[in-house]
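Shown next, in structure tokens, is the structure this report addresses.
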Amino acid sequence: MTQSAQSDPWTVGRLLTWTTEFLGGRGSDSPRLDAEVLLAHARGCERIALYTAFGEEVSEEVRARFRELVKKRAEGIPVAYLVGRKEFFSLSFKVTPDVLIPRPETEHVVMAALDVLGVSGPKSKVQSPKSEGLGLRVQGSGAEESGVRSQESEEIPNSKSQVPNLQSQIRNLKSIADVGTGSGCIAIAIAKHASQARLIATDTSAAALAVARENAAAHQVADRIEFREGDLLSMLPAQRQFDLVVSNPPYVGTNEQGTLAPQVRQHEPHTALFGGERGTETIARLIPQAAERLKPGGWLILEVSPLVADAVAKLIADRGSFEPATISKDLAGLVRVVKARRKE
């Protein structure tokens, strides 16, 4: 990406073309997108602004920043860590190597939670049929989708046209726990769309919680999310009851490390990835803790891998505290969400 007096100028378009080819040859599965995100970051502009600037020559200062980013991307460092941000549910989240990078598949957990809460969520949020996932090699799609029974739930007021009295405000308050919050993306997305929700977000990592708190403040929901450090829900007394427990827990088996995409395995936090040798050990500990703390009729919603979905549904059934779990797929046709209702 150096330039001599005799060479053609390095315009935005030329840089993108060269970098797309370069990254494509080094294993990136989205080289054009990577190139655009990194160049926009180096230029300090929105990605969409590149499309009207293809013919503009890029300064040496910007090219130097861009070269360093491209070098690190070619080494396998995820783009989100290089630019420090990732979009999730149409919200921008700060990310660092201390947190798992938010993925489109996890938006299905948010949508399931909003459905349970009776909130008309923005159905267009989950759009792409391409599954980013964790790079796991999956044979088939796992368990078959079983239709989620519709649940009568009270609408949570979230518009200016609804002015509930004090009693209905108290009745509509929903208590939610987000277990293993990481960047806070699930809890924050729920809080943004369910104005009557009050949440506790837990994580074993103090560094991750610091990122989550920063994101909550940026999205102006910090006053409705309590962040707690500890293992799963163990730091909370059983008397602390919730209407909903959601989690994107670690669900990759340690014996499956070789099936993960290298950029995931080498750069994302292993505590957020690996759930034990089989991938279900962490979930097996969470299910009884959630059962203890869910109100009768409350819901447990988990993101899972297609490889462990059936095993998770069986763990829930064996507990005896829940109605039969339902399993649903993401838009790529892969099993993604397990949902179970606490018996009345």
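The values are calculated or read from the model by the stated rules, or taken from the named source; none is laboratory data. Remember, predicted model here, so these are calculated numbers, not experimental data. No Cβ is skipped: glycine too gets one built from the backbone with ideal geometry, and neighbour counts run over all protein chains shown.
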Worksheet item: In the set Arg285, Arg240, Arg265, which member is of a type in the set (D, E, K, R) and over 23 Å from Val337 (Cα atoms)?
Response: Arg240
Discussion item. Anything in region 197-210 that is surrounded by fewer than 21 Cβ atoms within 10 Å (Cβ to Cβ) and not small (Gly, Ala, Ser)? List them, or say none.
Written reply: Arg198, Thr204
Discussion item. When you check Glu226 against the structure, is it modelled with pLDDT of 95 or more and not small (Gly, Ala, Ser), yes or no?
Written reply: yes
Discussion item. Against the definition (more than 21 Å from Gly184 (Cα to Cα), surrounded by fewer than 17 Cβ atoms within 10 Å (Cβ to Cβ) and of a type in the set (S, T, N, Q)), how does Thr259 come out, yes or no?
Written reply: yes
Worksheet item: Looking only at region 277-290, which residues are surrounded by fewer than 20 Cβ atoms within 10 Å (Cβ to Cβ), farther than 26 Å from Pro78 by Cα and not basic (Lys, Arg)?
Response: Glu281, Ala284, Pro288, Gln289
Fill in: When residues of region 277-316 are limited to those that are among the β-branched types (Val, Ile, Thr) and assigned to a helix (DSSP H, G or I), the one nearest to Asp243 (Cα to Cα)
Ile287
Worksheet item: Across region 207-227, what is the total count of residues that are within 20 Å of Lys174 (Cα to Cα) and touching a helix residue (DSSP H, G or I) at 6+ places or on another chain (Cβ under 8 Å)?
Response: 7
Discussion item. Could you check region 41-85 and list, in sequence order, the residues that are within 23 Å of the chain's Cα centre (by Cα) and without any contact (Cβ under 8 Å) to a residue 24 or more places away in the chain?
Written reply: Glu46, Arg47, Ala80, Gly84, Arg85
Response to the item:
Per the list (1) surrounded by fewer than 24 Cβ atoms within 10 Å (Cβ to Cβ); (2) free of Cβ contacts under 8 Å to residues at least 60 places away in the same chain; (3) closer than 19 Å to Gly84 by Cα, residue check on Thr181 breaks on (1)
Worksheet item: Considering region 228-255 alone, what residues qualify as being surrounded by 19 or more Cβ atoms within 10 Å (Cβ to Cβ), of a type outside the set (Ser, Thr, Tyr) and within 23 Å of Tyr81 (Cβ to Cβ)?
Response: Asn248, Pro249, Pro250, Val252
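Rundown of residues vs (1) of a type outside the set (Ser, Thr, Tyr); (2) loosely packed, with under 15 Cβ neighbours inside 10 Å, yes/no style:
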site: Thr19; (1), (2): no, no
site: Val62; (1), (2): yes, no
site: Glu68; (1), (2): yes, yes
site: Arg73; (1), (2): yes, no
site: Ala80; (1), (2): yes, no
Fill in: Test: Ile316 is surrounded by 22 or more Cβ atoms within 10 Å (Cβ to Cβ) and either over 22 Å from the mean Cα position of the chain (by Cα) or without any contact (Cβ under 8 Å) to a residue 12 or more places away in the chain (or both)
yes
Fill in: Failed item in (1) part of a helix (DSSP H, G or I); (2) touching a strand residue (DSSP E or B) at 6+ places or on another chain (Cβ under 6 Å), with Phe93 passing the rest
(1)
